[in-house]
Amino acid sequence: MADQLEWRQIEPFGAEVVGVDLSQAPPQAILNQLRQLYDQHHLLVFRGQKLTLEQQRSAAGWFGKLYPPAEGVNFISNTRKDGYLGNLELKFHSDLAHCEYPIESVMLLGVELDEGNTSTKFVSSAKAWAELPDDLKKVVENRRAVQCFAYGPTEGVYGFDERLPNWSHRIARPHPRTGELCLYVMPESTRVIEDMPEEEGRPLLEALYEHIARPEAVYEHIWHVGDVVLWDNLACQHARGALNPDVPRTMQRATLGPLTFKQQYPSLSPEAQEIVFGRLGAEPG
């Protein structure tokens, strides 16, 4: 392997890395460049990878602190019994936004899917803030929004259940590593803007959602077996359409972050656990 990392720009954001085998630790010079590229672009794509879950976790660990294997979600699947999220449609969101400590990074590997016929969409929350019109910035830059647990059917985008986890984050949320401001509202989980009447907050949130998901701002990754996508969950949002239950789709997943969901909510009631894990498509515990 050469000492200079080979990569190409993805539009409208992200980078595709060439010639790196994630099953093997790269030289330190390449690793340093990968980390720098990741902080700059927030999303990296690697093609043609063959990884065991442990190899994938090891590669993800080059970029931060791994979740413990027993606490992380290892498969996103509509066929595996130990897979999460089933066939649900997922609107744009960042994982665990409803926690004090959201997931920091996610690495997905395509292992079973309909080649070229399934996708995940990504947007850059950092670019969304940077490109937000000044009049909207002035309205929200010092405000906070409540994020709630809302995967799957709710009472609509503003559905809320007091039994389930929720957390208030700054709308202009600083990235803990890079310092960039990221537009931290999302249609999947944002409940309300704090200290703002709903009749004012709702149209404002809709305007922010429209800005985040502008077609020219979306990168749609068309999946092939062996594709790996690593993204910064604090600087990006992702979404997918509802899946065809007759077509298998399984992604192998490694997760980075300081505290898992269970570590942040160790005393969640059995009733709340049943709701949370039922919506995720998994068993409580």
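None of the figures in this text is laboratory data; all of them are computed from the coordinates on show. Source: prediction; values computed, not measured. For neighbour counting, all protein chains shown are included, and Cβ atoms are generated from backbone atoms with ideal geometry for every residue, glycine included.
In the stretch 6-280, taking the dipole from charged Cβ atoms about the Cα centre, the farthest positive-side position among Pro27, Val225, Met251 is held by Pro27.
Among Ser125, Ser105, Ser168, whose mean-square fluctuation peaks in a Gaussian network model of the chain (Cα, cutoff 10 Å)? Top of the fluctuation ranking is Ser168.
Between (1) 21.4; (2) 20.6; (3) 19.4, which matches Kirkwood radius over Cα pairs in Å calculated for the structure shown? Label (3) holds the value from this structure. Which lysines, if any, have their Cα less than 21 Å from the Cα of Lys127, not counting same-chain residues under 8 positions apart? Reachable lysines: Lys91, Lys137, Lys138. Entry note, the chain: the mean residue ellipticity at 222 nm calculated from DSSP H runs of n ≥ 4, each adding -39500 (n - 2.57), is -6500 deg cm²/dmol after division by the residues and rounding to the nearest 500. Test of understanding: in a Gaussian network model of the chain with alpha carbons linked when under 10 Å, which of Gly48, Gly226, Gly179 would top the mean-square fluctuation ranking? Sorting by GNM fluctuation, first place goes to Gly179.
For His175, nonlocal amide neighbours, meaning residues 5 or more places apart or on other chains whose placed amide H falls under 5 Å from its own, are Glu180, Leu181, Cys182. Straight-line cross-link partners of Lys50 among the aspartates and glutamates, defined as a Cα under 13 Å from its Cα and at least 8 positions apart when in the same chain: Asp21, Glu112, Asp227. Top mean-square fluctuation among Asp82, Asp135, Asp21, Gaussian network model of the chain, C-alpha springs under 10 Å? Taking springs between Cα atoms under 10 Å, the residue moving most is Asp135.
A full extension of the chain between Asp39 and Glu194 corresponds to an added length of 52.8 nm, given 0.36 nm per residue minus the alpha carbon distance.
With a/c under 1.5 counting as rounded, go ahead and sort the stretch 217-257 into rounded, prolate or oblate using the C-alpha gyration tensor (a ≥ b ≥ c being the square roots of the eigenvalues; past the cut-off, prolate if a/b is larger than b/c, else oblate). Prolate, since a/c reaches 1.5 and a/b exceeds b/c.
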